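The values are calculated or read from the model by the stated rules, or taken from the named source; none is laboratory data. Since the structure is predicted, the reported quantities are computational estimates derived from the model, not experimental observations. All Cβ positions, glycine included, derive from the backbone under ideal geometry; neighbour counts span all protein chains shown. Quick note on the areas: whole protein, heavy atoms, side chains included, nothing else; ligands and nucleic acids left out. Shrake-Rupley method; radii C 1.70, N 1.55, O 1.52, S 1.80 Å.
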Amino acid sequence: MAPAAKRKRADGRIWVWLSGASLLLILAMMAIIGFLVCANSFQVLWPSRLDLVALADGSVFLGFPMNGDISPEGLPRTRYKVGNREINSGADFRWIYEQDVVKRNHPQEALVVNRMENGDFYGFLKRRTGGRNESATESPEEFRESLVDFQRRWNSLAEPPRRRLAALGDAWQENHLAFLKAEYEMRRALTPDAAEMWKANLERSIEREEAVKTESERAMSLFNAIRDEFQAETAVFATADGTEISFPLSALADVSSPNDMGWTAKAWRFAVNVWNILSQYPREANTDGGLFPALLGTVALVFLMAVTSFPLGVAAGVYLREYARDGILSRSARVAVNNLAGVPSIVYGIFGLGFFVYGMGGSIDRLLYPERVAAGISTYGGGGIIWSSLTLGLLTLPVVIVATEEALATVPSEIRHGSLALGATRFQTLCRVVLPMASPGILTGFILAMARAAGEVAPLMLTGAVKSAHSLPLDGEWPFVHVERKFMHLGFHIYDMGFQSPNVEASKPLVYLTALILLILVFVLNFAAIGLRKRMREKYAMRGF
Amino acid sequence: MENGDGPDTLIVEAENLDFHYGEKQALFGIGVGIRRGLATAFIGPSGCGKSTFLRCLNRMNDLVDGARVTGRLTLDGEDVNSPELDVIELRRRVGMVFQKPNPFPKSIYENVVYGLRIAGVRDRERLDAACERSLRRAALWEEVKDRLRESAMGLSGGQHQRLCIARAVAVRPEIILMDEPCSALDPRSTTKIEELITELKGDYTIVIVTHNMQQAARVSDRTVFFYEGKLMEEGETRRLFTSPGRRETEDYLTGRFG
């Protein structure tokens, strides 16, 4: 071998290149993921231009160009989102060959109508009927204001009966449970007196059920009257080819005219869309609407998990490092903890289902609510946010324990001796010197574990996450935190929208958006970890050692 | 025994003290008396047991797995190794300064009052007074009085060691043990610590372990020479340095080993 080549091999330059290339590859992949997620989410949020396309066969339609490619026959084509499901026989999308396109333009008055059901409608506003300003011809902007006004009126009138109905529903549910309990206890009563008492309770609840029923019917008819009155207010739209179609205003969520927007209007719209996504409930089997319950569920889950796993993990780590004698027992405990960190999360899910949900939850139900168990109703035994968070807590425990141990190990023994020599007990030394010094490491490990838990899905599917929860784990109703409730979760939401949805194609941008929000959540947690660690390091800096 | 070795003048008495680290015996039948109010230096080559003996005095050896002491060791006539003795109380009476300065990553103020705080002192004025008094005793007050609330980590190495002395002084111990307190410091800081020792003795009994024979000669009133776990010679510093009674002492002092 030539000496120059030999030297080249010996100095390992090729390995430097290879390692650099590996890093580059990883960074490129991360950039691609980030770009994909951001670009696709942007598509949902940023109002893009609506095309009016005229085809060679004389037909016209309105739609958003999504993506283009070359067809298998070698012809360029574009996929349009055309909405108008009831007219286009349910299909949201349509491939258009470029050779068929006669003309494209962007009429300013073209409207995007976001509806409560059936997705988007693209068309032109004709007139409004019923209510005030009957048959008035309005500009899109005026119509938008009318719609907002309509929604305000509708909400102020319909909200009280709607809330009343919800309260009555809850009352019915509560009464039904009381009925079950009375029935159950009556059959089981040991003394005639007790049986008599439960019988009275039973009769009371039957009476009450009747009362609630009548009350509900009254509230329902009141609500229906309001709804019918409002339903008389409609708007007539025309599709691109002139077909007229009328919708009650109450079926519309929102209208916008993207072709008539300047940059500031678009930016404002973008902000409104972001807010809506974060604050609204999902609609139409999660393919439309917002992500609020999933976001709240995720955050609540992570915090509940933190409350259980942090003290437990830190305490265990402290015992292992500070108090346990170094022997076979403590060493095998350490090995077990490390192995636990490598257990697949679905296994934790199965454990959570078996131990927490069926075992603990089932026991609680049998102990406290035997009458519900007899009637096949589960309260704690059917999955809930508490069991999910405990399962996740278990999953993150090894990380917390290891982080705690390692952080404690970095505290020099001179410092501990210094404290002990001043007459401090081991516990005082631990609390006043060692733990504060170890806190940056402990917190970093813990928050990283939290970030990991926020993205975990598999164990949740078994222990309480659902595709659509009718109530939130946190609300204004006593006791505010409802740990037994099922919940929605961003990660599960992605899975549900992306793979279980009846209209996967329509929910695709929303899947990316959900992924983006989950990523942001994890980033925020990580940045919080970095910030916290920096502050702690400054406070308990070890300079001079 | 020389004159004046009455029970009043001796604060620590060891008699036939053996010490084991597991299987290994580190001290063999140590018998010595340490006098109240004087500075006593422990000298001897590395591994001779001087630090081990020092750590017997405040039972820091308890922290070592497999440590075992036999024989008699008393502080003011009380058995140091008695199971009834409160180690926490003992360590309050026998303070210690370590080889490597080990201030806590807290403010200067919190470092000084640490011993009082863990003893349950809450009274603000008492803590403030103790802080100032201790820092003055450690000749550090003038340098840090304007930044008591700042982190102690910003001080220099020599200041760190004086802070550790202030910390030990704050709990008003009877004895201050110093385990090679200057070995990690530069010459100027060393001089300061030595001056400090000279000033502190009288009020406190000082026991200093040192490798540096000049230092022992400069700061101590009495010197104990350890060799291979045994006490070789003990006496007034000037006498021991000028006319050592034993062969090994003379060899060590003249640098024939060390």
Next item on the list: Identify the residue in the range A:244-255 that is of a type in the set (A, V, I, L, M, F, W, C) and assigned to a helix (DSSP H, G or I) and, among all such residues, is farthest from A:Phe230 (Cα to Cα).
Entry: A:Ala251
Margin query: One residue is enough: does the range A:293-310 have a residue meeting the conditions more than 22 Å from the chain's Cα centre (by Cα) and assigned by TED's automatic domain parsing to the domain that holds A:Arg426?
Written below: yes
Check: Checking A:Gly382 against (1) open to solvent by less than 30 Å² (accessible area, probe 1.4 Å); (2) touching a helix residue (DSSP H, G or I) at 6+ places or on another chain (Cβ under 6 Å); (3) assigned to a loop (DSSP other than H, G, I, E, B), which single condition isn't satisfied?
Finding: (2)
Next item on the list: Would you point out which residue out of B:Gly66, B:Gly47 is open to solvent by 20 Å² or more (accessible area, probe 1.4 Å), more than 14 Å from every other protein chain (Cβ to nearest Cβ) and over 23 Å from B:Gly95 (Cβ atoms)?
Entry: B:Gly47
Check: Within the range A:53-60, is even one residue in the same structural domain as A:His106 (by TED's automatic domain parsing), under 24 Å from A:Val113 (Cα atoms) and either assigned to a loop (DSSP other than H, G, I, E, B) or open to solvent by 40 Å² or more (accessible area, probe 1.4 Å) (or both)?
Finding: yes
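When only residues in the range A:396-416 that are within 14 Å of chain B (Cβ to nearest Cβ) and open to solvent by less than 50 Å² (accessible area, probe 1.4 Å) count, which is nearest to A:Val302 (Cα to Cα)? Full working, then the answer.
Going through the range A:396-416, the residues within 14 Å of chain B (Cβ to nearest Cβ) turn out to be A:407, A:410-416.
The next check asks that each one be open to solvent by less than 50 Å² (accessible area, probe 1.4 Å); those that pass are A:407, A:411-412, A:415-416.
Details: A:Ala407: 23, A:Val411: 29, A:Pro412: 33, A:Ile415: 35, A:Arg416: 34 Å.
The extreme case among them is A:Ala407.
Looking for something within 28 Å of A:Arg85 (Cα to Cα) and surrounded by fewer than 13 Cβ atoms within 10 Å (Cβ to Cβ) - is there at least one such residue anywhere in the range A:193-213? Let's see the steps before the verdict.
As a first pass, look at the range A:193-213 and keep what is within 28 Å of A:Arg85 (Cα to Cα): none.
No.
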Notebook entry, point to check: Does the range A:420-427 contain at least one residue that is more than 7 Å from chain B (Cβ to nearest Cβ), of a type in the set (Ser, Thr, Tyr) and out of contact with any strand residue (DSSP E or B) (no Cβ under 9 Å at 6 or more places or on another chain)?
Noted result: no
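Conditions (1) open to solvent by 50 Å² or more (accessible area, probe 1.4 Å); (2) within 19 Å of B:Ile193 (Cα to Cα); (3) of a type outside the set (Ser, Thr, Tyr); (4) within 13 Å of another protein chain (Cβ to nearest Cβ), marked per residue:
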position	(1), (2), (3), (4)
B:Pro105	no, no, yes, yes
B:Tyr109	no, no, no, no
B:Ile118	no, no, yes, yes
B:Asp123	yes, no, yes, no
B:Arg133	yes, yes, yes, no
B:Ala138	no, yes, yes, no
B:Arg149	yes, no, yes, yes
B:Ser156	yes, yes, no, yes
B:Ile165	no, yes, yes, yes
Margin query: For the range B:235-249, give me the residue count where each residue is in contact with a Lys or Arg (Cβ under 8 Å, 6 or more places away or on another chain) and either open to solvent by 50 Å² or more (accessible area, probe 1.4 Å) or closer than 17 Å to B:Ser46 by Cβ (or both).
Written below: 1
Check: So which residues in the range B:179-211 are free of Cβ contacts under 8 Å to residues at least 40 places away in the same chain and open to solvent by 60 Å² or more (accessible area, probe 1.4 Å)?
Finding: B:Asp186, B:Pro187, B:Arg188, B:Thr191
Next item on the list: Run down A:Leu422, A:Leu430, A:Leu368, A:Leu392 and say which single residue is at pLDDT 90 or above, more than 30 Å from B:Arg91 (Cβ to Cβ) and of a type outside the set (D, E, K, R).
Entry: A:Leu392
Check: Which one of the conditions (1) out of contact with any Leu (no Cβ under 8 Å at 6 or more places or on another chain); (2) surrounded by 11 or more Cβ atoms within 10 Å (Cβ to Cβ); (3) not in a strand (DSSP E or B); (4) not aromatic (Phe, Trp, Tyr) does A:Val44 fail to meet, given that it meets all the rest?
Finding: (1)
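Do any strands (runs of 3 or more DSSP E) entirely within the range B:1-112 hold 1 or more residues that are out of contact with any strand residue (DSSP E or B) (no Cβ under 9 Å at 6 or more places or on another chain), and if so, which? Please lay out each step first, then the result.
Numbers: elements: B:10-21, B:24-35, B:39-43, B:67-75, B:94-97.
By residue number, B:24-35.
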